[in-house]
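Remarks on the structure that follows.
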């Protein structure tokens, strides 16, 4: 027949067989310990890269999200339409495409952005849309009577916004913002497509070099947990203090 044993053998997954042959299951614990000692600094450096990208991107997301929600709720009609269109555009396209566009497409029109800042911009812009929706729901939840009372006390709309609306909206927004930040940290793994070496990329490179897939995966997962868990604990503490 067309697919006899000889033909099947010819089409065996050669790379997979080669991969299996390199897996050293007889590696001693001493050898493994030496590997982890050798690669530990690389994982820590990658974790710092992930933290740096994520925190900078979240700052962009928070600031830009606030600008978007202010224009959508309180700006002139043209700005409302423009920001709504921007929100739908960013929400409707993948983050990966946005990364490619900023880093690879913009140089075609003379705008060159370093990889780190391209990653920060792409993640920040992508998450600013989600942040703006969180802020919008938080501001909408504030009772109109409080806004009217502030105006009766002589506060102008700008003073009312910062003194009355923003402090109360924070209570509604803090939990979802923390969830978004943790999601952003995980999404930072996509920035390797624009030449940045962060935590997930480091895991990929080192595991394929030393064939320590399970152990290195646990190391990377542990570092992601160490990055994200303090944010969760801090958020819960702030929510409890604001609720008092």
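Descriptive notes on the structure:
- In the range 63-83, the residues that are within 23 Å of residue 181 (Cα to Cα) form Cβ pairs under 8 Å with partners that are in a loop (DSSP other than H, G, I, E, B), at six or more places apart or across chains, as follows: 83/75.
- Residue within the range 45-52 that is touching a helix residue (DSSP H, G or I) at 6+ places or on another chain (Cβ under 8 Å) and either over 22 Å from residue 197 (Cβ atoms) or modelled with pLDDT under 95 (or both) present: no
- The C-beta contact set for the range 190-216 (first residue free of Cβ contacts under 8 Å to residues at least 24 places away in the same chain, second residue outside any helix (DSSP H, G or I), distance under 9 angstrom, 6+ apart or interchain) comprises 192/198; 205/197; 213/23.
- For the range 175-204, a residue qualifies if it is more than 17 Å from the chain's Cα centre (by Cα) and not in a helix (DSSP H, G or I), but none of them does.
- Within the range 135-165, tally of residues that are without any contact (Cβ under 8 Å) to a residue 24 or more places away in the chain and touching a helix residue (DSSP H, G or I) at 6+ places or on another chain (Cβ under 8 Å): 9
- Residue selection: residue 241 fails the criterion of being closer than 26 Å to residue 126 by Cβ and part of a helix (DSSP H, G or I).
- Verdict on residue 49 being part of a helix (DSSP H, G or I) and in contact (Cβ under 8 Å) with a residue 60 or more places away in the chain: yes
- Test: residue 125 is closer than 26 Å to residue 170 by Cβ, at pLDDT below 95 and in contact with a helix residue (DSSP H, G or I) (Cβ under 7 Å, 6 or more places away or on another chain): no
- Condition met for residue 93 (surrounded by 12 or more Cβ atoms within 10 Å (Cβ to Cβ), in a helix (DSSP H, G or I) and in contact with a helix residue (DSSP H, G or I) (Cβ under 9 Å, 6 or more places away or on another chain)): no
- Some residue of the range 172-185 being surrounded by fewer than 19 Cβ atoms within 10 Å (Cβ to Cβ), modelled with pLDDT of 80 or more, over 19 Å from residue 55 (Cα atoms) and out of contact with any helix residue (DSSP H, G or I) (no Cβ under 8 Å at 6 or more places or on another chain): no
- Residue check for residue 76: over 18 Å from the mean Cα position of the chain (by Cα) and surrounded by fewer than 19 Cβ atoms within 10 Å (Cβ to Cβ): yes
- Residue that is farthest from the chain's Cα centre (by Cα) [pool: residues in the range 205-220 that are buried (at least 18 other Cβ atoms within 10 Å of the Cβ) and in a helix (DSSP H, G or I)]: 210
The values are calculated or read from the model by the stated rules, or taken from the named source; none is laboratory data. It should be emphasised that the depicted structure is a prediction, and the values quoted were computed from it without experimental measurement. Here the Cβ is made from the backbone with ideal geometry for all residues, glycine too, and neighbour counts use every protein chain on show.
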